[in-house]
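Notes follow the structure.
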Amino acid sequence: MRILTTVLLCLATPLHAETISAEIGSKGLAATAARLATLPAPTDTDRFALGGVRFLGAVEAALQLRYSAGMTDQTGMLPFLRLPLADNPTPVPFQPAMISDLFRSVDTKLALAREPLAAIPDSSDFTLDINFADLWFDINANQTRDQGEDALDVLGPMLLGWQWDSRDPATPAPLVKFDAADAAWLSAYTHLLQGVSDVVLAYDPSEPIDRIRKTHEKMRSLGGVSPSFITGAGGDGLDELDVIAIVIAALQQTPDAARMTSAQAHFLSMIADNRRFWDTVAQETDNAAEWLPNDKQQSALGVTLPPGTGAVWLSVLDDAEGLLKGTKLAPYWRQQGAAGVNIAKVFTDPRPADLAGWIQGWAAAPYLETGTLVSAQNWSAFEQMMGGEAMMLSFYLN
């Protein structure tokens, strides 16, 4: 009987456990997240993995919605809307509410992604090895990994900027060893993207999209639409001018005050988590396939950060926190003296953002007051340190 039991146990137990990275590669994000969510006694590695796959699942859901509706152009000015996608030959009819639905879904999924991360202490010694070759998004929702669905194909241009196009295509996918510091980084990123989602939902673009699409279609029916003078792009879909018009029209609406207050809270939480990250990563003494390194480490992505990056970036975040809390004021182009815009009040007392009013001053007037103006010195120091890659790396550092 004992021998039979032993044999049955051997048959029930795999010879070697599949890594979480390989599991994502073979089964996908949704199946991996579902398994991790049911673990009765998750480790910190499991918690980080669950947060990570839920985060990537939010990206996947946004890509699926875009693909299904044929929103594959990159004229978007917002996260998730500017990621590259192949064209869908048979899209469903686009509905103006799809953009707000996308950010509403993202907001919910990012909150779920952060839940397991909150249970990981900064002192945890967990690690999670991820091979980026295993990561993919089921963009066409057919539960099969198809060409163009590799995460690197989608996220590479955003992560590496111009370096993505100049790299050797034969370069192996990076292997990253995530740890406790990266849990704080990921938590910060969920707050950042939720804050952006809140702002989008506060100025719901559904009606402006509908109005501007109908205008575009009427011009097409009357003989066609002239190419955009910005890029010269033309075609049947909306161009850069239409997108700009949508943004301006959306901002002219009365915003949802609760959403703006929530956005402010998320941005402040992002800064707090970012500080946690830099405090934690500064204490690391290893140099093992780092996601975002300290001064004595190297990035597994091949991105080189100058010494002192963390300190300079924290100075930038100090200024951002001052603006969000109203202890520092943003300069206004027509205002002289020690006065400027209280950005905190833009969130706590939100109003329609009329472009002409902000240019002339009457829309800015409710937020103008005397106080300490934020200096451009810290951002300038960051730009100087990063050369021409400051904007790209600011998304990496969040």
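Exactly one condition in (1) closer than 16 Å to residue 57 by Cβ; (2) touching a Phe, Trp or Tyr at 6+ places or on another chain (Cβ under 6 Å); (3) surrounded by fewer than 18 Cβ atoms within 10 Å (Cβ to Cβ); (4) not β-branched (Val, Ile, Thr) is not met by residue 149; state its number.
All conditions are met except number (3).
Residues of segment 211-228 being more than 12 Å from residue 242 (Cβ to Cβ) and in contact (Cβ under 8 Å) with a residue 12 or more places away in the chain, which ones?
Correct list: 227 only.
Could you list, in sequence order, the residues of segment 60-88 that are within 13 Å of residue 148 (Cβ to Cβ) and surrounded by fewer than 17 Cβ atoms within 10 Å (Cβ to Cβ)?
Correct list: 84, 86, 87, 88.
What residue, of 276, 259, is crowded, with 17+ Cβ neighbours inside 10 Å, in contact (Cβ under 8 Å) with a residue 40 or more places away in the chain and touching an Asp or Glu at 6+ places or on another chain (Cβ under 6 Å)?
Details: 276 fails: touching an Asp or Glu at 6+ places or on another chain (Cβ under 6 Å).
One residue alone meets the criteria, 259.
For segment 166-191, what are the residues that are touching a Phe, Trp or Tyr at 6+ places or on another chain (Cβ under 7 Å) and of a type in the set (A, V, I, L, M, F, W, C)?
Scanning segment 166-191 gives 173, 176, 178, 180, 181, 183, 184, 185, 186, 188.
For segment 366-395, how many residues are among the aliphatic types (A, V, I, L, M) and loosely packed, with under 13 Cβ neighbours inside 10 Å? Before you say what the answer is, go through the steps one by one.
Residues of segment 366-395 that are among the aliphatic types (A, V, I, L, M), as a first pass: 368, 373-374, 376, 381, 385-386, 390-393.
Those still in the list that are loosely packed, with under 13 Cβ neighbours inside 10 Å too: 376, 391.
Residues that pass the stated criteria total 2.
Scan (1) closer than 28 Å to residue 172 by Cα; (2) of a type outside the set (Lys, Arg); (3) in contact with a Pro (Cβ under 6 Å, 6 or more places away or on another chain) for the single condition residue 340 breaks and write down its number.
(1)
Mind telling me which of the residues 294, 398 ends up being closer than 25 Å to residue 259 by Cα and of a type in the set (S, T, N, Q)? Please lay out each step first, then the result.
On the way: 294 fails: closer than 25 Å to residue 259 by Cα.
That would be 398, the only listed residue that is closer than 25 Å to residue 259 by Cα and of a type in the set (S, T, N, Q).
For the list (1) outside any helix (DSSP H, G or I); (2) farther than 30 Å from residue 95 by Cβ, I need the number of the one condition that residue 275 fails.
Just one mismatch for residue 275, condition (1).
When residues of segment 279-297 are filtered for being crowded, with 20+ Cβ neighbours inside 10 Å and either acidic (Asp, Glu) or under 17 Å from residue 107 (Cα atoms) (or both), how many remain?
Total satisfying the criteria: 1.
Part of a loop (DSSP other than H, G, I, E, B), touching a helix residue (DSSP H, G or I) at 6+ places or on another chain (Cβ under 8 Å) and surrounded by 15 or more Cβ atoms within 10 Å (Cβ to Cβ): is that true of residue 212 in this structure? Walk me through how you get there before you give the answer.
Values: part of a loop (DSSP other than H, G, I, E, B): no; touching a helix residue (DSSP H, G or I) at 6+ places or on another chain (Cβ under 8 Å): yes; surrounded by 15 or more Cβ atoms within 10 Å (Cβ to Cβ): yes.
Answer is no for this residue.
Mind checking which helices (runs of 4 or more DSSP H) fall wholly inside segment 294-398 and carry at least 1 residues that are closer than 30 Å to residue 181 by Cα, touching a strand residue (DSSP E or B) at 6+ places or on another chain (Cβ under 8 Å) and not β-branched (Val, Ile, Thr)?
309-325
Does segment 223-232 contain any residue that is surrounded by 14 or more Cβ atoms within 10 Å (Cβ to Cβ) and assigned to a helix (DSSP H, G or I)? Write out each step before concluding.
Step one: filter segment 223-232 for residues surrounded by 14 or more Cβ atoms within 10 Å (Cβ to Cβ), giving 225, 228.
Remaining after also requiring assigned to a helix (DSSP H, G or I): none.
No, the conditions are met nowhere in segment 223-232.
None of the figures in this text is laboratory data; all of them are computed from the coordinates on show. Keep in mind that what you see is a predicted model, and the values were worked out from it rather than measured. Ideal geometry is used to build each Cβ from the backbone, glycine not excepted, and the neighbour counts take in all protein chains shown.
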